[in-house]
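J.: Take this structure, written in structure tokens, and hold onto it; I'll ask about it next.
The values are calculated or read from the model by the stated rules, or taken from the named source; none is laboratory data. This is a predicted model, so every value here is computed, not measured. Every residue, glycine as well, gets a Cβ built from its backbone with ideal geometry; the counts of neighbours run over all protein chains shown. Ligands, DNA and RNA are stripped out before the accessible areas are found, and what is left, the full protein with its side chains, is counted by its heavy atoms. Shrake-Rupley method; radii C 1.70, N 1.55, O 1.52, S 1.80 Å.
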Amino acid sequence: MNDGFQQFLLALHVDDRFARLGQLLLDSTLETLYMTLVSTLFAYLLGIPLGIALTVTDKQGLRPCAPFYRILDVACNLLRSVPFIILLVVIIPFTRFLVGRSYGSTATIVPLVLSAAPFVGRMVESSLKEVDHGVVEAAESMGASLWQIIFKVLLPEARTSLLIGVTIAVGTILGYSAMAGAVGGGGLGDLAIQYGYHRYDTLIMMITLVLLVLIAQLLQTAGMKMALSLDRRKH
């Protein structure tokens, strides 16, 4: 009778462990998606104007301005050259000022955006510079203003390349969000560090790894399909 009761308690313990593990994984996955998608949104809100400004003020741009371009160019290069984990720690006071604390998923969004925005700006610049100059010159000859050329020519013509850039940015930000787990950033990275590494729980480590790969693949596949569906060259 005692053996049966002990086996019953053991089964309850195992079930309870898997229930807690499932809840932890669900919460961490939602946190990772929250950090990745929100950070991508804000990175593009900053990165698109930055990319447009870099394109327009370049020496071959619509409104060349070497001093302004040089300032933006240097700023982008400096921010991109700082490793994310170092940036995450260096701006802790700024993060705490903005969101009230320096740990957790919401706090991690701040360094994610600052790190990703210059990267996004460069990708937007590259996409816009791929637009056929003949199309731009035709719009200018028809009397289109600078803003009309930007919003009715450059951005629409570059939309496929821009969407492909989004998939690249999402994958990069997802990797950064996992890296933030080393300092309590929340999400699957934090779960892998706190439970998989510090507590030597190989099961959690492997599950979080698989989930991160699956999320990256799903987001990339969805982004590429959307980009291809909007590619004018396919129609």
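J.: Looking at this structure, is Ser141 open to solvent by 50 Å² or more (accessible area, probe 1.4 Å) and free of Cβ contacts under 8 Å to residues at least 24 places away in the same chain? Steps first, answer last, please.
T.: Numbers: open to solvent by 50 Å² or more (accessible area, probe 1.4 Å): yes; free of Cβ contacts under 8 Å to residues at least 24 places away in the same chain: yes.
Yes; evaluated as a whole, the condition is true for this residue.
J.: What residue, among those in region 60-71 that are free of Cβ contacts under 8 Å to residues at least 24 places away in the same chain and either in contact with a Ser or Thr (Cβ under 8 Å, 6 or more places away or on another chain) or open to solvent by less than 80 Å² (accessible area, probe 1.4 Å) (or both), is nearest to Trp147 (Cα to Cα)?
T.: So in region 60-71, the residues free of Cβ contacts under 8 Å to residues at least 24 places away in the same chain come out as 60-61, 64-71.
Applying the additional criterion that residues be either in contact with a Ser or Thr (Cβ under 8 Å, 6 or more places away or on another chain) or open to solvent by less than 80 Å² (accessible area, probe 1.4 Å) (or both) yields 61, 64-66, 68-69.
Working: Gly61: 13, Pro64: 15, Cys65: 17, Ala66: 20, Phe68: 18, Tyr69: 18 Å.
Applying the filter and picking the extreme gives Gly61.
Let's see how each residue does on (1) touching a Gly at 6+ places or on another chain (Cβ under 8 Å); (2) surrounded by fewer than 18 Cβ atoms within 10 Å (Cβ to Cβ); (3) over 20 Å from Ala117 (Cβ atoms):
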position	(1), (2), (3)
Ser161	no, no, no
Val166	yes, no, no
Leu188	yes, no, yes
Tyr200	no, yes, yes
Val213	no, yes, yes
Leu218	no, yes, yes
Leu228	no, yes, yes
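J.: With respect to Gly171, determine if the residue is among the small types (Gly, Ala, Ser), in a helix (DSSP H, G or I) and crowded, with 24+ Cβ neighbours inside 10 Å. Steps first, please.
T.: Values: among the small types (Gly, Ala, Ser): yes; in a helix (DSSP H, G or I): yes; crowded, with 24+ Cβ neighbours inside 10 Å: no.
Spelling it out, it is not the case that Gly171 is among the small types (Gly, Ala, Ser), in a helix (DSSP H, G or I) and crowded, with 24+ Cβ neighbours inside 10 Å.
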